[in-house]
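Asks: Pasting in a structure now, in structure tokens, and then I'll have a few things to ask.
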Amino acid sequence: MDITSNLPFFAELYRVGDPEYTQIGMWALYLTIVLLSGLVFKLGFARKLTWGKTIVVYAIMAFACSFLTFLALFLPVTEVLAVAAVFLALYKYRLHKETKQEYGKEGRDAG
């Protein structure tokens, strides 16, 4: 079975199907998935934790990303994480902007 003909965008970008670049491509894909997973977690789900708990959460996430890396050869895992990161970043930006505007209105009303 030849998987190189049907690779998702990021796997094709990192040349995972090329025998010369397979190992470095897989590491680049893994690193991309870890970074995007961490970003999505931070933007959407992270709570204020102690340093120890934060390290444990991110270590477990990095381990779980190794399984996602293998799935990313057949499914658009990295692409979905990238889209989720963009949407969550836009949501956080708008939330911050609205909160800042409401705080400004309350400050003017009180004065």
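Asks: Excluding residues fewer than 8 places away in the same chain, name every one of the lysines whose C-alpha is closer than 21 Å to that of LYS92.
Replies: Result set, ordered by chain and number: LYS42, LYS48, LYS100, LYS105.
Asks: Roughly speaking, what is the stretch gain from ILE55 to LEU31, that is 0.36 nm per residue apart minus the C-alpha to C-alpha distance, in nm to one decimal?
Replies: 6.9 nm
Asks: Can you pull out the chymotrypsin sites (Phe, Trp or Tyr not before Pro) in region 40-90 that DSSP calls coil and that have at most 16 other Cβ atoms within 10 Å?
Replies: Those satisfying the criteria are PHE45, PHE74.
Asks: Continuing with this model, one more query. With θ set to phi - 60°, apply the Karplus curve 6.51 cos²θ - 1.76 cosθ + 1.60 along region 25-31 and write out the HN-Hα couplings as whole Hz, x wherever there is a Gly or Pro.
Replies: Listing the rounded values in order: x, 5, 5, 5, 5, 4, 4 Hz.
Asks: Suppose R0 equals 35 Å; then what is the FRET efficiency for GLU20 and ALA84 from their Cβ-Cβ distance, rounded to the nearest 0.05?
Replies: For R0 = 35 Å, the calculated efficiency reads 0.65.
Asks: Extension gain ALA64-PHE41, at 0.36 nm per residue separation less the Cα-Cα distance, in nm?
Replies: 7.0 nm
Asks: If you don't mind, there's one more thing I want to ask. Would you please give the FRET efficiency between GLU12 and TYR93, computed as 1/(1 + (r/R0)^6) with r the Cβ-Cβ distance and R0 = 35 Å, to the nearest 0.05?
Replies: 0.70
Rule-based calculations on the coordinates, nothing more; no lab input. All values reported here derive from a predicted model rather than from experimental measurement. Glycine also receives a Cβ, built like all others from the backbone with ideal geometry; neighbour counts cover every protein chain displayed.
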